[in-house]
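The values are calculated or read from the model by the stated rules, or taken from the named source; none is laboratory data. Note that the structure is a prediction, hence the values are computed from the model and not measured. All Cβ positions, even for glycine, are placed from backbone atoms using ideal geometry, and neighbour counts span all protein chains on display. Please note that ligands, DNA and RNA were not included when accessible areas were found on the heavy atoms of the full protein model with its side chains. Shrake-Rupley method; radii C 1.70, N 1.55, O 1.52, S 1.80 Å.
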Amino acid sequence: MISGPSGVGKSTICHRLCEMIPAEFSVSVTTRPPRPGEKNDQDYRYVDQDEFVRLRGADGLAEWAEVYGNLYGTPRAAIEEAIKAGRVIILEIDIKGCLQVREKFPDTMTFFLLPPTPEEQQRRIVGRKTDAADVIERRLAKADGEIRYASEVGCFNEFIINDDLDETVDRIYQAIVHNCARDFREADQ
Ligand code: 5GP
C-alpha cells in the first residue's frame with residue numbers, strides 16, 4: 001500500500017512500480033468526478049453515491065473511507081484474487097484504508113510518502129492543473145494532520161521523502177522484491 005498527502009507523487013510511483021515488478025494496480029471505486037485525462041476503470045471506477053453504498057452494503061469493498069469529501073473504496077475481489085494467485089497488487093489509498101487492510105491482511109507492506117517541503121507539495125499539486133483552487137487549498141490544509149496521524153498510527157513500514165522520483169521508486173521496488181523474493185521464486189516453479 002502506498003499512502004501520503006495529496007500531490008506527493010503517489011500515482012506516478014504506483015504506475016512505475018506496476019511496470020517494474022510486474023504488479024497490478026488496484027483500481028478503486030470512487031464518487032469523485034474524473035479529472036481531465038483520467039480514464040474509467042483505469043484510474044478509478046467512477047460511480048455515484050447510490051452505487052457506492054450498494055457495493056459497500058453487498059460486502060464488495062475490502063475497505064472504504066471518505067477522503068476530502070468523496071467516497072473511495074477498494075474492490076474486495078481484485079485483492080483476494082491477487083493474493084490467492086500469489087501476485088503483487090498495489091493499492092494507493094489513504095491512512096484509514098491502510099489501517100483497515102492491515103487488519104485483514106497483516107503482512108501487507110505499507111509505505112507513507114512525504115513531500116520534501118510544503119512549498120514543493122503546493123508546486124506539484126498546482127502544476128498538475130487538474131483541481132480547482134478551493135480543492136487544492138482543502139487538500140493542502142490537511143497535509144500536516146495526515147502526516148502527524150501517519151506517524152502515530154504505527155501501521156507504516158517505511159516513511160519516504162519523495163524528493164527524487166527515481167530514488168523513491170527504487171527504494172520501494174527493492175523493499176518489495178526483498179520481501180517477496182520467496183513468493184516470486186515459488187511462483188516461477
Ligand atoms: P485523489 O482524489 O487525489 O485521486 O485521491 C484522494 C485520496 O484518496 C488519496 O489520499 C488516495 O490515496 C485516497 N484513495 C484513493 N483510492 C482509495 C481507496 O480505494 N480507499 C481509500 N481508503 N482511499 C483511497
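Brief remarks follow.
- Residue, most open to solvent (accessible area, probe 1.4 Å), within the range 83-108, restricted to residues that are away from the ligand (no atom under 16 Å from the Cβ) and part of a helix (DSSP H, G or I): Lys84
- Residue among Asp163, Asp170 that is farther than 16 Å from Cys18 by Cα and of a type in the set (D, E, K, R): Asp163
- Residues in the range 141-178 that are open to solvent by 90 Å² or more (accessible area, probe 1.4 Å), assigned to a helix (DSSP H, G or I) and touching an Asp or Glu at 6+ places or on another chain (Cβ under 9 Å): Arg171 only.
- Taking the range 10-35 as the range and being assigned to a loop (DSSP other than H, G, I, E, B) and within 13 Å of the ligand (Cβ to nearest atom) as the test, the residues that pass are Ser26, Val27, Thr31, Arg32, Pro33, Pro34, Arg35.
- Of the residues making up the range 109-140, those that are touching a Leu at 6+ places or on another chain (Cβ under 8 Å) and open to solvent by 30 Å² or more (accessible area, probe 1.4 Å) number 2.
- Filtering the range 39-68 to residues that are within 11 Å of the ligand (Cβ to nearest atom), of a type outside the set (A, V, I, L, M, F, W, C), closer than 20 Å to Leu99 by Cβ and open to solvent by less than 80 Å² (accessible area, probe 1.4 Å) leaves Glu63, Tyr68.
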